[in-house]
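Values in this text are rule-based calculations from the coordinates and carry no lab data. Remember, predicted model here, so these are calculated numbers, not experimental data. Heads up, the Cβs are rebuilt from the backbone with ideal geometry, glycines too, and the neighbour counts pull from every protein chain shown.
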Amino acid sequence: IGIKAEWRAHHGRLVLFLGNKNTSPLDSVQALILPPSHLKMELSVVPETIPPRSQ
């Protein structure tokens with residue numbers, strides 16, 4: 001799991017990413033994010049499989 005963050009004044013952006021450093025794929029990947037109601041969220045779909053050596 002990696003995190004990238006950037007801030008401009010009082011606005012922030014946080015990006016989480018999943019990576020696989022193994023030589024085998026990661027299967028049945030799931031992510032659960034419970035955002036607080038006072039934050040604006042843009043979520044993307046997590047793939048079910050992360051290929052070897054990729055994000």
In whole Hz, what ³J(HN,Hα) sequence does segment 37-53 give by Karplus (6.51, -1.76, 1.60; θ = phi - 60°), x for Gly and Pro? 5, 8, 10, 7, 10, 10, 10, 10, 6, 8, x, 5, 10, 10, x, x, 6
What percentage of all Cα-Cα pairs in the chain are separated by more than 14 Å? 63
Assigned charges on the beta-carbon of Lys, Arg, Asp, Glu; the chain dipole about Cα centre (debye): 260
Spin-label point model (7 Å from Cα, Cβ direction): what's the residue 22 to residue 42 distance in nm? 3.2
Tell me the relative contact order for the chain as a rounded percent, counting alpha carbon contacts under 8 Å between residues six or more apart. 38
Whole-Hz ³J(HN,Hα) for each residue in segment 5-20, computed from phi via Karplus 6.51 cos²θ - 1.76 cosθ + 1.60 with θ = phi - 60°, x for glycine and proline: what do you get? 10, 9, 9, 9, 6, 9, 9, x, 9, 10, 10, 9, 9, 10, x, 10
Tell me which trypsin sites (Lys or Arg not before Pro) from the chain have a DSSP coil assignment and no more than 13 other beta carbons within 10 Å of their own. 21, 40, 53
